[in-house]
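A quick write-up on the structure given underneath.
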Amino acid sequence: MPPKFKRHLNDDDVTGSVKSERRNLLEEDSDEEEDFFLRGPAGPRFGPRNDKIRHVQNQVDEVIDVMQENITKVIERGERLDDLQDKSESLSDNATAFSNRSKQLRRQMWWRGCKMKALVALVAVILLLVIIISKWDLESFDYQELKSELTEVPASSDFEEHPSHPATGDTATGCGQLVWVGEPMTFRRAETIAGKYGVWMRDPEPVPPYTPETTWRVDAIGTDIRQVFEYDDSDQFMKGYPSKVHILPWSMESTGAIVYRGSLYFQRRKSRMVAKYDLKTETITVQKDIPSAGYHGQFPYSWGGYTDIDLAVDEMGLWVTYSTDKAKGAIILSKLDPETLEVEQTWKTNIRKQAVANSFMICGTLYTISSYSAPDATVNFSYHTATSTSEPLSIRFENRYGYSSMVDYNPTERKLFAWDNFNMVTYDIRLSRI
């Protein structure tokens, strides 16, 4: 029997009904049903199958926990890696800065080391130069000075001294006996250590182009003394402006040189030879050995300096003082021919050469000085060639600067020329009438 009421459903109705049923199911579902769909069946009503599902679920949970823990660790490790990277970058920057600073410090230390080495080398060179300058070959002046201090003895051990007083009737011309020596007058001072000892002189009988004011000077410290400074006049000499510098062909020994009649007479180094050097032509014209003369420290004056052979000029001409082994250190005095350097006559004195500091000739008489350093030294002996006799004297002689290495007489100026510890000085003198 056909239904009483027949209803036809269209698509909209069906769709609406489905949606309504779905909504009802969602609203009416219990928590247990949700757990069933989400977590699987629970409770004992399912039996052994449920245990397997639960076991699998537990494993899944453990895997999830492990994964979550690993993810957490990875995240933390990432943070630590970031920190480590930051620290490594900072350390790299610090290392770079340290490397730069170390290189800079290394360069600074290298330069400092170079400067120190250069300073040490400079000091060594200066010391070496001082040692070289202060030496005469194997012996130094210090040794010679020490030796002279040990060997210098009062000349009064041989003679009794008698004071000399200015005699009446002394004259400004002509010969006579020395009775007085004035105070030293300083002309100039040497500039370098080479000038501690030296010789300076003027020609008492000059020949053209030279004049009585032409001056020569030799600094006598060194192993190769060859420079002779020439000055046209006193003003040029005092200002230290040489007009010419002669270079000798041979080295000179010590402070015994003199200038006479246009020539320089000097002892050749390490020999008993005396040479004549023409200052105008700049050539050696004559050379001659002094027979048997000691040299290079055998018989020097008490101050040392290899002053074994000492040349001198006075009113009578050219002289040389020295000693020999035969004379046993006593002063021997010889008159030389200025042209040929032949010995014209010889006298042997009784004055021990190493007992006196210096000597000079005046009017054919040899005078000696007692000390090279004492301020109150004296002209203590004279030897007269005319009578071959000697006598003691006591004429005051002042070593103002404490080390007289040369004393010579200029018969034209009637003055003593001396070199006293870098200083070039002169002394006025007074002679008695013969």
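For the stretch 173-192, the tally of residues that are modelled with pLDDT of 95 or more, part of a loop (DSSP other than H, G, I, E, B) and crowded, with 17+ Cβ neighbours inside 10 Å stands at 1. For the structure I just gave you, tell me whether Glu213 is at pLDDT 95 or above, in contact with a helix residue (DSSP H, G or I) (Cβ under 8 Å, 6 or more places away or on another chain) and not hydrophobic (A, V, I, L, M, F, W, C). It is true that Glu213 is at pLDDT 95 or above, in contact with a helix residue (DSSP H, G or I) (Cβ under 8 Å, 6 or more places away or on another chain) and not hydrophobic (A, V, I, L, M, F, W, C). When Asp219, Asp233 are checked against the criterion of being farther than 29 Å from Gly304 by Cα, free of Cβ contacts under 8 Å to residues at least 40 places away in the same chain and not aromatic (Phe, Trp, Tyr), Asp233 stands alone in meeting it. When restricted to residues that are assigned to a loop (DSSP other than H, G, I, E, B), buried (at least 19 other Cβ atoms within 10 Å of the Cβ) and at negative phi, the stretch 362-384 contains 4. The set of residues in the stretch 390-416 that are within 32 Å of the chain's Cα centre (by Cα) and open to solvent by 10 Å² or more (accessible area, probe 1.4 Å) comprises Arg400, Tyr401, Gly402, Tyr403.
The residues of the stretch 322-354 include none that are over 28 Å from Glu413 (Cβ atoms), part of a strand (DSSP E or B) and open to solvent by less than 10 Å² (accessible area, probe 1.4 Å).
You will find that of Ile225, Ile221, Ile258, the residue that is over 31 Å from the mean Cα position of the chain (by Cα), under 23 Å from Gly294 (Cβ atoms) and of a type outside the set (S, T, N, Q) is Ile258 and no other. The number of residues in the stretch 248-299 being in a loop (DSSP other than H, G, I, E, B) and of a type outside the set (S, T, N, Q) comes to 19. Checked against (1) open to solvent by 40 Å² or more (accessible area, probe 1.4 Å); (2) part of a strand (DSSP E or B), Trp319 passes all but a single condition, namely (1). When Ser271 is tested against the conditions (1) in contact with a Ser or Thr (Cβ under 8 Å, 6 or more places away or on another chain); (2) of a type outside the set (A, V, I, L, M, F, W, C); (3) surrounded by fewer than 24 Cβ atoms within 10 Å (Cβ to Cβ), the lone failure is (1). None of Ile131, Ile126 is in contact with a strand residue (DSSP E or B) (Cβ under 9 Å, 6 or more places away or on another chain) and free of Cβ contacts under 8 Å to residues at least 40 places away in the same chain except Ile131. Are any of the residues in the stretch 300-310 part of a strand (DSSP E or B), at pLDDT 95 or above and surrounded by 24 or more Cβ atoms within 10 Å (Cβ to Cβ)? Yes, the stretch 300-310 contains a residue that is part of a strand (DSSP E or B), at pLDDT 95 or above and surrounded by 24 or more Cβ atoms within 10 Å (Cβ to Cβ).
The values are calculated or read from the model by the stated rules, or taken from the named source; none is laboratory data. For clarity, every value in this text was computed on a predicted model and none was experimentally measured. Counting neighbours? That spans all protein chains shown, and the Cβs are built from the backbone with ideal geometry, glycine included. Note: areas computed on protein heavy atoms with side chains; ligands, DNA, RNA excluded. Shrake-Rupley method; radii C 1.70, N 1.55, O 1.52, S 1.80 Å.
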